[in-house]
1. Just the residues that are at pLDDT below 85, of a type in the set (A, V, I, L, M, F, W, C) and assigned to a helix (DSSP H, G or I), please, taken from segment 85-123.
2. When you look at Arg91, is it within 30 Å of Val26 (Cβ to Cβ), touching a helix residue (DSSP H, G or I) at 6+ places or on another chain (Cβ under 7 Å) and assigned by TED's automatic domain parsing to the domain that holds Val18, yes or no?
3. For the subset of segment 48-84 comprising residues that are in a loop (DSSP other than H, G, I, E, B) and among the polar types (S, T, N, Q), which member is farthest from Leu13 (Cα to Cα)?
4. Can you tell me which of Ser10, Ser59, Ser19, Ser6 is modelled with pLDDT under 90, in contact with a Gly (Cβ under 7 Å, 6 or more places away or on another chain) and not hydrophobic (A, V, I, L, M, F, W, C)?
5. I'm checking my understanding of the structure. Among residues of segment 32-47 that are in a strand (DSSP E or B) and surrounded by 14 or more Cβ atoms within 10 Å (Cβ to Cβ), which one is nearest to the chain's Cα centre (by Cα)?
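The values are calculated or read from the model by the stated rules, or taken from the named source; none is laboratory data. These numbers come from a predicted model, not from an experiment. Here Cβ is always computed from backbone atoms with ideal geometry, including for glycine, and neighbour counts include all displayed protein chains.
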Amino acid sequence: MAEPSSSNGSALLSVRDVSVRFGGIVALDGVSFDVFTGQIAGLIGPNGAGKTTLFNCLSRLYTPNSGEVLFEGKSILGRPRHDIPHIGIGRTFQNVALFDRMTVLDNVKVGCHSVSSTSFFDNALQLPKVRVEEERITPRWAMSAGCSRVTSMPLNRIIPVVGVRNLVNRLNTVVLPAPLGPIRAWMWPRST
């Protein structure tokens, strides 16, 4: 691992002795590592090595049987799954899942949910504050997103949309599985 880039040497993300078992199957056994601010870290291993299981622990889809996951020095294991983007951790999945009947801009705006001031119910009921929030979000991202429908785009154009959708969340850390690896270079480090 590279040297810490923070002045006090504290890790942005610390994984300590994380173990995950599914019945008699050991998916992770005592995994530990640190990732420091500005550092790009890779997780390499063969199929079945536990890479996705670890990503699922970092995004709180799984709870480890033992160990600790710290983000900015605080445990994330007690936090609910939906709160993880609010603290600055984002995740993409191996299947590039966008809403194919929506425009690129609308797909990017979906990523704004964790920085939005409106709730699920506000949006479902189309309360007046939803339109104000839409106007606040749209000008900021309209120039970078575009109005093409996702169904008309090739995969090499869809993958960056997933990256932009994560960037609009103002995340500190984005966990990217292998198929999204090509966008790592322009996603990191995050601009503030």
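1. Taking segment 85-123 and keeping what is at pLDDT below 85, we get 85-120, 123.
Those still in the list that are of a type in the set (A, V, I, L, M, F, W, C) too: 87, 89, 93, 96-99, 102, 104-105, 108, 110, 112, 115, 120.
Result: Ile87, Val104, Leu105, Val108, Val110, Cys112, Val115, Phe120.
2. Values: within 30 Å of Val26 (Cβ to Cβ): yes; touching a helix residue (DSSP H, G or I) at 6+ places or on another chain (Cβ under 7 Å): yes; assigned by TED's automatic domain parsing to the domain that holds Val18: yes.
The answer is yes for Arg91.
3. Narrowing segment 48-84 to residues in a loop (DSSP other than H, G, I, E, B): 48-50, 59-65, 72-73, 76-80.
Those still in the list that are among the polar types (S, T, N, Q) too: 59, 63, 65.
Numbers: Ser59: 12, Thr63: 16, Asn65: 19 Å.
Of everything passing the filter in segment 48-84, Asn65 is farthest from Leu13 (Cα to Cα).
4. Working: Ser59 fails: in contact with a Gly (Cβ under 7 Å, 6 or more places away or on another chain); Ser19 fails: modelled with pLDDT under 90; Ser6 fails: in contact with a Gly (Cβ under 7 Å, 6 or more places away or on another chain).
After ruling out the rest, the residue left standing is Ser10.
5. Taking segment 32-47 as the starting set, the residues that turn out to be in a strand (DSSP E or B) are 32-35.
Imposing the further condition that a residue be surrounded by 14 or more Cβ atoms within 10 Å (Cβ to Cβ) reduces the set to 33-35.
Numbers: Phe33: 19, Asp34: 17, Val35: 15 Å.
In this case the residue turns out to be Val35.
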